[in-house]
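Just so you know, all these numbers are worked out from the coordinates, no wet-lab data involved. Since this is a predicted model, take the numbers as computed values, not measurements. Cβ: placed from backbone, ideal geometry, glycine included. Neighbour counts: every protein chain shown.
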Amino acid sequence: MSATTQLFTAEQLLHMPDDGYRYELVEGVLIKMSPAGFDHGDVALTIGGLLWQYVRANKLGRVLAAETGFKLASDPDTVLAPDAAFIRQEEIDRVGRTKKFWPGAPDLAVEVMSPEDTLRKTEEKAKAWLAHGARMVWVVNPKQRTVSVYRPGKDVAVLTDTDALEGHEVVPGFRCDVKEIFS
């Protein structure tokens, strides 16, 4: 006899009481995420801040923080929360602002690897973002000081301290040195 797992909905996740943890929902299964460590939080805010500053100055859309959930699938529900995200203004105008989870993937999802994350796990998450409509994913690896850039139909580009991170057609004109993310 197999054990059954209680499946949750996005609506239940949205109304869960705050217990100090973040959660994601994968095919209805609640995934508990520990609070981020210092380095993770520092790197996530640095890259999110650089992106926010550029997007705001150029009126390209919105950059959202790690607590923002994106509902990628229904019945069973999947809700993921990247460390930072960008949604272009045209998409916000089309969908409108919402008090619930954003319906669909952001244009850009930024995932900062935690010490316990494996490359395989983060690669799978990047591919999940792309499969659900993200136009680009940046996977930031503080330990290796790299940023892996995932785009549909393109090879993964792994950038190091000597490279520049660009927004390509997703965040047109955005550019920063990778070393700036880790300084």
Can you order the peptides 132-143, 51-62 by their average number of other Cβ atoms within 10 Å per residue, highest first? 132-143, 51-62
Order these peptides, 157-170, 30-43, 76-89, 9-22, by their mean beta-carbon neighbour count within 10 angstrom, highest first. 76-89, 157-170, 30-43, 9-22
Cα gyration tensor shape for region 1-103, rounded if a/c is under 1.5, else prolate or oblate: oblate
Would you mind checking which residues have amide H under 5 Å from D163's amide H? H placed 1.01 Å from N; only 5 or more apart, or other chain. V178, K179
For region 84-183, the Debye formula with one identical point scatterer on each Cα and no solvent gives log10 I(q)/I(0) at q = 0.17, 0.20, 0.22, 0.25 Å⁻¹ as -0.79, -1.04, -1.20, -1.40
Taking Cα atoms, the helix 38-57 axis meets the longest principal axis of the chain at an angle in degrees (rounded to 10) of 70 degrees
Between K179 and Q89, take the C-beta separation as r, use R0 = 25 Å, and let me know the FRET efficiency to the nearest 0.05. 0.25
Region 128-183 - charge dipole about Cα centre, Lys and Arg +1 at Cβ, Asp and Glu -1, debye rounded to 20: 160 debye
Cut-off under 5 Å, modelled amide H: who pairs with G69 long-range: W102
Options (1) 14.9, 44; (2) 16.4, 51; (3) 16.3, 58 - which one matches Rg and Dmax of the Cα atoms in Å as calculated here: (3)
Would you list, by chain and number, the lysines whose Cα falls below 17 Å from the Cα of K121, excluding same-chain residues fewer than 8 positions away? K32, K143
With +1 on each Lys and Arg Cβ and -1 on each Asp and Glu Cβ, and nothing else charged, work out how big the dipole of region 8-85 is about its Cα centre, in Debye to the nearest 20. 440 debye
